[in-house]
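Here's the structure we're looking at; comments come further down.
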Amino acid sequence: MVTPGFVKAGKRIKSINIGMLVLLTLVVMALLGIHLLASFSSSDPFVEEVEVYKAIIDQRVDTDLSNLIFMKESIWGSSPDEYVDKFQYENRDLSELKRSFHLVNKQSSSLPLPNLDNLAVLTTAEYVRIFPGQRLSLAWKKFFLKYAPAKALVRMSRVGFDEDAKSALVYFTHGCGTHCGHGEMILLEKTLFGWKVIWIENLWVS
């Protein structure tokens, strides 16, 4: 027979256990919140740029990475500038974002691409050996033979950020032959769960 004293003690122990579980849950949630806030407010431009490219690959590239080769150096020149100047999204003031894009893309530079399985890159030296100075159709044939099973070459600009690094703009091209390819501007926003593609502006199709 269980005495009343033991019943009361058992209830107190159960109450303490529930209280500890609730406290532990609150601590875990607080730590998770701190982690998310720290990630959201990261001020390291290099880390942010890597995360932007990763988000584009995750959310924009709709094929196996083994089918693509990524250009290691950024696109630069008059074309991206012209596209950026014309780019609009809703009624937002994108002037700071555009200034940042122009500044970081004044000349070609190495892209801080994420370290992902099956992500293959092409350097400028390798690109020059294949494309310039040859008929474009022959150059693409050479490219596909050398980098099979890749079916396209992806080129991107460096990332333009707004002042508080919560919005990002990237010029993206997908080349798959002499008359095969397209270019677009990609606008991203940073959320508590990372960078998210919110708008894709199609610019040209070949």
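Thr25 accessible area, nearest 10 Å², 1.4 Å probe?
Around 70 Å² of this residue is reachable by solvent.
Leaving ligands, DNA and RNA out of it, rank Arg129, Arg92, Arg60 by accessible area with a 1.4 Å probe, largest first.
Values: Arg129 145, Arg92 85, Arg60 55 Å².
Largest to smallest exposure gives the sequence Arg129, Arg92, Arg60.
Would you mind classifying the stretch 55-125 by shape? Square roots of the alpha carbon gyration tensor eigenvalues, ordered a ≥ b ≥ c; an a/c under 1.5 is rounded, otherwise it is prolate if a/b is larger than b/c and oblate if not.
On the way: a/c = 2.56, a/b = 1.55, b/c = 1.65.
Note, shape of the stretch 55-125 comes out oblate.
Please go through the stretch 138-206 and write out the GluC sites (Glu not before Pro) that DSSP classes as loop and that have at most 15 other C-beta atoms within 10 Å. If you can, show how the numbers build up before the last one.
Working: sites: Glu163, Glu184, Glu189, Glu201; in loops: Glu163.
Taking the stretch 138-206 and a limit of 15 other Cβ atoms within 10 Å, the loop GluC sites (Glu not before Pro) found are Glu163.
For the pairs Lys86/Lys146; Lys146/Lys166; Lys72/Lys196; Lys72/Lys166, note any where the Cα-Cα span goes beyond 29 Å. Write down the numbers at each step before the final one.
On the way: Lys86/Lys146 37 Å; Lys146/Lys166 39 Å; Lys72/Lys196 23 Å; Lys72/Lys166 25 Å.
Long pairs (Cα-Cα over 29 Å): Lys86/Lys146; Lys146/Lys166.
Sort 70-80, 109-119 for me by packing, meaning the mean count of neighbouring Cβ atoms within 10 Å per residue, highest on top. If you can, show how the numbers build up before the last one.
On the way: 70-80: 17.6, 109-119: 13.5.
Packing order, densest peptide first, comes out as 70-80, 109-119.
Cα centroid distance between the stretch 53-90 and the stretch 101-164, in Å?
10 Å
Can you tell me the length gained on complete extension of the stretch Val121 to Asp64, counting 0.36 nm per residue apart and subtracting the Cα distance? Don't skip to the answer; put the middle values down first.
On the way: separation 57, 0.36 × 57 = 20.52 nm, distance 1.45 nm.
Stretched out fully, the Val121 to Asp64 stretch lengthens by 19.1 nm.
Solvent-accessible area of Thr178, probe 1.4 Å, all protein chains present, reported in Å² to the nearest ten, please.
Here the accessible area works out near 50 Å².
Can you give the accessible area of Val104 in Å² (nearest 10), computed on protein heavy atoms with a 1.4 Å probe?
Answer for Val104: close to 50 Å² accessible.
Take the alpha carbon gyration tensor of the stretch 68-194, find the square roots of its eigenvalues, order them as a ≥ b ≥ c, and report rounded if a/c is under 1.5; if not, report prolate when a/b exceeds b/c, else oblate. Walk me through the numbers before you get to the answer.
Working: a/c = 2.24, a/b = 1.79, b/c = 1.25.
Judged from the Cα gyration tensor, the stretch 68-194 comes out prolate (a/c at least 1.5, a/b above b/c).
Going from most exposed to least, what order do Tyr89, Tyr127 have by accessible area with a 1.4 Å probe? Walk me through the numbers before you get to the answer.
Numbers: Tyr89 30, Tyr127 55 Å².
I get Tyr127, Tyr89, largest accessible area first.
Top to bottom by accessible area (1.4 Å), largest first, where do Glu82, Glu48, Glu90 land? Mind showing how you got there, number by number?
Values: Glu82 100, Glu48 5, Glu90 130 Å².
Order by accessible area, largest first: Glu90, Glu82, Glu48.
The values are calculated or read from the model by the stated rules, or taken from the named source; none is laboratory data. The structure presented is a predicted model; accordingly, all values stated were derived computationally and were not measured. Cβ sites come from the backbone with ideal geometry, for glycine too, and all protein chains shown count toward neighbours. Surface accessibility is based on the protein's heavy atoms, side chains included, excluding ligands, DNA and RNA. Shrake-Rupley method; radii C 1.70, N 1.55, O 1.52, S 1.80 Å.
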